[in-house]
Amino acid sequence: MAKKDFWIYSFLRHQTASFLATLIDFGTLIFLTEVAGLWYVFSTSTGALMGTIANFIFSSYWAFTGSKNSLKNQLYKYVLVSIGSLILNTLFVYLITDFLSLDYKLSKFVTAILIGWGYNFILMRYFVFKK
């Protein structure tokens, strides 16, 4: 497979894994906020954590197979990247919701796209699961 084709293949698999993890993230966020009545900032953090766990599993066993990093090394690097992602997600949702007066669900959606493409994919591909 050509290098360009492999990059596209890797990107599409990552996006699929991220989409599934995002469903878990958003589902947790909405459930905890709407059903359990918890503060949306706490729900955002918890949802992001659940999505992070799912995304590591999907990414390490499907999206980025053949990594030169051992599973233990992948997990360590993944945790570092995910902590940054969790902080950015929580901060952006809070700022967009409180300062732009948008609904927390819309804030989460906008944030997920920005962080997913501008931060997560690049670091996952070239740092955590590098070939």
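Quick notes on this one:
- Placing unit charges on the Cβ atoms of the charged side chains and taking the dipole of the chain about its Cα centre, the candidate lying farthest along the positive direction among Tyr126, Gly116, Met50 is Tyr126.
- About the Cα centre, charge dipole magnitude for region 3-128 (Lys/Arg +1, Asp/Glu -1 at Cβ), debye: 640 debye
- Rg/Rh for region 7-69, where both radii come from Cα atoms and Rh is the Kirkwood radius: 1.12
- Under conditions of 37 °C and 0.692 mPa s, region 3-128 yields 221 µm² s⁻¹ as its translational diffusion coefficient, taking Rh as the Kirkwood radius over Cα pairs in the Stokes-Einstein equation.
- Per-residue ³J(HN,Hα) for region 36-53, Karplus 6.51 cos²θ - 1.76 cosθ + 1.60, θ = phi - 60°, Hz, x for Gly and Pro: 7, x, 7, 4, 4, 5, 4, 4, 4, 5, 5, x, 4, 4, 5, x, 5, 4
- Subtracting the Cα-Cα distance of Phe42 and Lys68 from their residue separation scaled by 0.36 nm leaves 5.8 nm.
- Under-23-angstrom lysine pairs by C-alpha in the chain, whenever the two are 8 or more apart or on separate chains: 13
- Residue-span extension gain [Ile30 to Asp103] - 0.36 nm each, minus C-alpha spacing: 25.1 nm
- Relative contact order (percent, whole number), region 3-128, Cα cutoff 8 Å, 6+ residue spacing: 26 percent
We did not get these values from a lab; they are worked out from the coordinates using the rules stated. Just so you know, these numbers come straight off a predicted model, no measurement behind them. Cβ atoms come from the backbone with ideal geometry, glycine included; neighbour counts cover every protein chain shown.
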